[in-house]
Amino acid sequence: MDKLFNTDIRFLKGVGEKRALLFARLNVRTIGDLLHFYPRTYLDRTKISSLDQTQLYENATVIAEISSPIKEAKVKGGLLIYKFTVTDHVTDMQITLFNQKFLAAKLKVGQSYIFTGKIQGTYFRREMTSPEIEPLNEDNENGRIIPVYPLTSGLSRNIVASCVKSALSMLPEQMEEPLESEILEKLSLIGLKKSLLYIHNPKTFEQLNEARKYLVIEEFIKFRLGLLKLKTRNRQKTELSISNTDISPFLSNLPFKLTNAQNRVISECLADMTKDIPMSRLVQGDVGSGKTAVSAALIYAASSNGLQSALMAPTEILAQQHYKAMLSLLPDNIKIGLITGSMTKSQKLKIANAASNKEFDLLIGTHTLIEEYIEFDKLGLVITDEQHRFGVRQRSLLSSKGRNPHTLVMSATPIPRTLGLIIYGDLDISIIDELPPGRKKISTFLCDESYRQRLNGYIKDQCTQGRQVYIVCPLVEQNDKTELKAVDSYFENLKDNFPEISCGFVHGRLKPSEKEKIMQSFAKGETKILLATTVIEVGIDVPNATLMVIENAERFGLSQLHQLRGRVGRGEHKSYCILMSDNKSEKTLERLRIMTQTNDGFVISQKDLELRGPGDFFGQRQHGLPLLKIGSIYSDMELLKLANKIADKLYNENRITPALSKAVNSFFNDIGVIVFN
Ligand code: ADP
Ligand code: MG
């Protein structure tokens, strides 16, 4: 069976070299891929009407016999028209076809066909123009459910459907089933073979549901098993376990008292680090929950055990902020270095050299950290911040600079636990579910252009009170094609509207040194209004900023809006977030209103997921995980839970059959990973 599944699609009847290239565009390369190339949706042709039941101007599927000769006529421009009459022996209907010479030639007077199309004409003289026509046979006489596949130009629905059919016909009588019969029986699942037949050619919706249920569960089980296996495989023993977990000197040096949640997460991590299997943990905490202090505690512990740490951030600004934060959080005896892409090569080499001589206990940086020349003397702890911007590969490149170091991933994207388990299946998870005391709710408002005047007054008020303001626009440069707000033209307006207030702007196209300068000036309070693109989304910490204005808010995802909003409300002053949108779509406004109703990142991400639905949630691709072909993390949540339970049981009881491990491998083949070898 593997042989069949792995066979190049070129060799399938009706495919060949040319079509194989077209199929490759749909990511279908083998017969197995084609069998797992599920229909996007289905057309319901199960309701067959008699002609006199059909309603004018509505779609209908009818069975009728061709009762007149097919007349061909040529009209101006060379267009060919075919006209004929059909009957179900009670009522007649006129059919018109345009330019369908090939089809017309195949139709036979006196034979019955299924016609699907819109009923036109009058009740006395029904008509259908260019209907779909299928010869009647025993397979379709009771109507059909027609699969609709994702297509690409050159591959029509009929071609795909007939290739799928020939692949299905090659399935062996007795197929190796990935799931044990015990599981199939217990959950009343129909098994792989039937599911493949039914998902592509369901006779009833019941069959379709059964097929889908099986395939979704199987897919989730494969996903979970693969991650479980990868998780243990990545954890070879380490000699970097720590013995001294006393962080009291660090705690007494801190400018604040840690929250209970921070303390709990730190102990979870320290417990990991004392083991001879390296820590591999995700710390999830809403914006402002104090992840930096948690990582500082662990860096402190590593250093008191003679280990160096590396902290990687996705942007230069963020790396710099971490550098400053660490200087203030860690005692002076901990030596901290910073390396970023904008440094000269000789500066970088100097820092690399210092790191390899152990002159730094902690090296903070951007992607530069993973460059080849960076070496450590004894790297024991690797931390990546804002994980959704790094891939699995980058994380492991950094880890490879030590010998199985402990790894910590910090993410501000709060996701429901069940999802975390699947997205970050290769990591243990700790959640900081508490904000530092005294944080006030950020009042959020959704406004349209009619509030512009008042908004300006509001901005001015905040500045007069000594506070600072962020304004976020979706674009850098004004562009004639859209009405979207852009930093460049907005900045000109800003200067006109607030001549007495100092304004600055920052976006991704500025040189890092320019960005740094303006950020510094904003952090020091010299610049009062900072206009920006989403470059400020991650991590920036200016406690005096109390107002966040987001222009064209409809352009941003909920989780992103939540991250942006998290830039304010970081100090003692009451903070506000104003979402500007002139969008009229009720759906969009409803989505934005969620922001005004809650400050809870977990609730927001759940809603975000619900609204976005399945698909490449959270940029699954970016995480380097295989894409789900049929299961939806959101709408199949119950099946997901069930599958996770089964997978865990199979894994713990060592009950992974060869058929199942092969199925897992072929699922992960998508990302070039061999799970079981
Ligand atoms: P995030 O989790 O978003 O990375 P940070 O680590 O930047 O959050 O922390 C946000 C702010 O809260 C920082 O100014 C930090 O100094 C402060 N902070 C962190 N922990 C505490 C605490 N336990 N008590 C008071 N302030 C804290
Ligand atoms: Mg942070």
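Read-outs throughout are calculated quantities, based only on the coordinates presented, and are distinct from any laboratory measurement. What you see is a predicted model, and the numbers here were worked out from it, not measured in a lab. Every residue, glycine as well, gets a Cβ built from its backbone with ideal geometry; the counts of neighbours run over all protein chains shown.
Numbers for the structure displayed
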{"read-out": "Per-residue ³J(HN,Hα) for the stretch 288-299, Karplus 6.51 cos²θ - 1.76 cosθ + 1.60, θ = phi - 60°, Hz, x for Gly and Pro", "value": "x, 7, x, 5, 4, 5, 4, 5, 4, 4, 6, 5"}
{"read-out": "For peptides 364-375, 291-302, 557-568, sequence by mean Cβ density within 10 Å, most packed first", "value": "291-302, 557-568, 364-375"}
{"read-out": "Selection from 578, 131, 215 lying farthest towards where the dipole of the chain points positive, charges on Cβ", "value": "131"}
{"read-out": "Rg over Rh, two decimals, the stretch 111-154 (C-alpha only, Kirkwood Rh)", "value": "1.07"}
{"read-out": "Hydrodynamic radius of the stretch 104-234 per Kirkwood, over alpha carbon pairs, in Å", "value": "18.5"}
{"read-out": "Long-range HN-HN contacts of residue 335 with modeled amide H, under 5 Å", "value": "361, 362"}
{"read-out": "Integer Hz, Karplus 6.51/-1.76/1.60 couplings in order for the stretch 145-158, x for Gly and Pro", "value": "9, 9, x, 10, 9, x, 10, 9, 5, x, 10, 7, 4, 5"}
{"read-out": "Compactness of the stretch 443-598 as Cα Rg over 2.2 N^0.38 Å, two decimals", "value": "0.97"}
{"read-out": "For 473, 163, 463, order by how many other beta-carbon atoms lie within 10 Å, fewest first", "value": "463, 163, 473"}
{"read-out": "Per-residue ³J(HN,Hα) for the stretch 65-76, Karplus 6.51 cos²θ - 1.76 cosθ + 1.60, θ = phi - 60°, Hz, x for Gly and Pro", "value": "9, 6, 10, 9, x, 8, 9, 9, 9, 9, 10, 3"}
{"read-out": "Cα centroid separation, the stretch 449-523 to the stretch 230-273 (Å)", "value": "41"}
{"read-out": "Debye equation applied to the C-alpha atoms of the stretch 291-331, log10 I(q)/I(0) at 0.24, 0.25, 0.33 Å⁻¹", "value": "-0.82, -0.88, -1.20"}
{"read-out": "Amide H contacts under 5 Å for residue 383, placed H, 5+ residues apart", "value": "310, 311, 312, 408"}
{"read-out": "Bins of 10 Å, starting at 0 and running to the largest distance - Cα pair percent for the stretch 43-148", "value": "15, 49, 31, 5, 0"}
{"read-out": "Computed lengthening from residue 602 to residue 635, 0.36 nm per intervening residue step minus Cα-Cα distance", "value": "10.1 nm"}
{"read-out": "Pairs of Cα atoms farther than 18 Å apart, the stretch 246-340, %", "value": "46"}
{"read-out": "Under 5 Å, built H, 5+ apart or other chain: amide partners of residue 549", "value": "470, 471, 472, 578"}
{"read-out": "Diffusion coefficient, µm² s⁻¹, Stokes-Einstein with Kirkwood Rh over alpha-carbon pairs of the stretch 488-534 at 37 °C and 0.692 mPa s", "value": "300"}
{"read-out": "Residue 335 versus residue 74: modelled label distance in nm, points set 7 Å from Cα along the beta carbon direction", "value": "9.2"}
{"read-out": "Kirkwood-type radius of the stretch 164-269, with distances r between different C-alpha atoms, in Å", "value": "18.8"}
{"read-out": "Taking only Cα atoms of the chain, radius of gyration then Dmax in Å", "value": "31.2, 97"}
